[in-house]
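Comments concern the structure below.
The values are calculated or read from the model by the stated rules, or taken from the named source; none is laboratory data. Remember, predicted model here, so these are calculated numbers, not experimental data. For the accessible areas, the whole protein counts, side chains as well, though only heavy atoms, and no ligand, DNA or RNA atoms are used. Shrake-Rupley method; radii C 1.70, N 1.55, O 1.52, S 1.80 Å.
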Amino acid sequence: MKLIFGGVRGTTPVADAAFLQYGGSTTSFMIEGDEGDALLVDLGTGIRTLIPALQALREKDLLILMTHYHQDHLIGFAGLPFIYDPDWHIHVRGPNPEGLTLDQVFNGMMARPFWPLQIDTLQARIDFSACELAANSVPLVRGGLAVRWCPVHHEGGCLAYRIEERASARSVIIATDIEWALSSKRERDDFLRFCSTPCPADALVFDGHFTPQNYDRFKGWGHSTWRDGESICKQTGIGRLYMTHHAQGNDDAFLAHVEQEMHAAFPGALMARQGMVVDMEAVNHD
Ligand SMILES: [Zn+2]
Ligand SMILES: [Zn+2]
């Protein structure tokens, strides 16, 4: 199973030269199973970098898991060429947004005057359905991949996803937007159990929007630091941590400095970079 980082930036895309080493596209990930099954998590501008890999899939049938509907996670949708192609069938799953259906969220985002084409004029077959929280313990199966989800603390609600490949017994958790410091005991307990059940995931992709030095100034803004990711990994036995959702002001020099500090404290921790491909078979368990 492979984990591909299409976009690792939070809030807004950045294209300045000083940001290109870690990458400026917003949040989007692809999971590709050994048998060719694939799925996407989030539709930030990073989805553009995943298009060649998606075009190489054996079927024009795509599962997209939405963590939530903040703009940085949705803004790449209109640029996805498959939505204009009648041969594609796209399944969008995500948490129930506040007082709306998924359908209404996507229709609203593509409504006039925000985009020239509306959802009902798109040529692909697109269906939307909510990840029911009651079904949390029953995985959504996609070929050889199984998906479970866990609600996490973030303004308006957000889901973390755990994707497991049955044949290789590899698993990864993606938690892009989560404020660990303000999570309730129940939210923490649920997430820690999610990370460690049925066994510790091989890797955790986690919200590193803030740093331990600047978090206090931004308490309540919905995000975490690498210290939180490190603590979760140590509590649950996860050996590999990828920090993502880099703040739009954090340039390459800043992120490299934070990465050094983080790596010294927890050698299994890395800053996610746009374009990084992780073969989960090769992830070190030490
Ligand atoms: Zn976000
Ligand atoms: Zn958010």
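Surface exposure of the range 155-286, expressed per residue as accessible area with a 1.4 Å probe, stands at 42 Å². Ligands, DNA and RNA excluded, the heavy atoms of SER184 present near 50 Å² of accessible surface to a 1.4 Å solvent probe. Between the amide H of ASP85 and those of GLN123, ALA124, distances stay under 5 Å, these residues lying 5 or more places away or on another chain, with hydrogens modeled in the peptide plane.
Ignoring ligands, DNA and RNA, what percent of the accessible area of the range 2-280 is carbon or sulfur (1.4 Å)?
Details: 6190 of 11680 Å².
Carbon and sulfur: 53 percent of the exposed surface of the range 2-280.
Counting lysine pairs in the range 2-280 whose alpha carbons fall under 27 angstrom apart, excluding pairs fewer than 8 residues apart on the same chain, gives 5. Each semi-axis of the equivalent ellipsoid for the range 2-280 is √(5λ) with λ an eigenvalue of the Cα gyration tensor; in descending order they amount to 27, 21, 19 Å. Rolling a 1.4 angstrom probe over the protein heavy atoms with all chains in place gives the range 1-139 an accessible area of 44 Å² per residue.
Sorted largest first by accessible area at a 1.4 angstrom probe radius, with every protein chain in place, the residues GLU179, GLU35, GLU132 fall in the order GLU35, GLU132, GLU179.
Per-residue SASA remark: HIS89, around 30 Å² accessible (1.4 Å probe; ligands, DNA and RNA not included).
Computed from Cα atoms, the angle from the helix 226-236 axis to the main principal axis of the chain rounds to 90 degrees. The alpha carbon gyration tensor of the range 22-84 gives principal lengths a ≥ b ≥ c with a/c of 1.5 or higher and a/b greater than b/c, which makes the shape prolate.
A probe of 1.4 angstrom, applied to the heavy atoms of all protein chains, finds ARG227 with accessible area near 110 square angstrom. What is the Cα centroid distance between the range 245-286 and the range 202-228, reported in whole angstrom? The range 245-286 and the range 202-228 have Cα centres spaced 13 Å from each other. The accessible-area ordering, largest first, of the residues TRP149, TRP115 stands as TRP115, TRP149, per a 1.4 angstrom probe.
A cut-off of 5 Å between modelled amide H atoms, ignoring neighbours fewer than 5 places along the same chain, links TRP149 with ARG162. In this structure the amide hydrogen of MET66, modeled in the peptide plane, comes within under 5 Å of the amide hydrogens of ASP42, ARG93, GLY94, none closer than 5 places in sequence on its chain. Each residue of the range 187-204 is assigned a 3J(HN,Hα), and the resulting list reads 4, 5, 4, 4, 5, 5, 5, 4, 6, 10, 10, x, 8, x, 4, 6, 8, 10 Hz, derived from the Karplus form 6.51 cos²θ - 1.76 cosθ + 1.60 (θ = phi - 60°), x at Gly and Pro. Taking all protein chains together and a 1.4 Å probe, the residues GLU165, GLU261 rank GLU261, GLU165 from largest to smallest accessible area.
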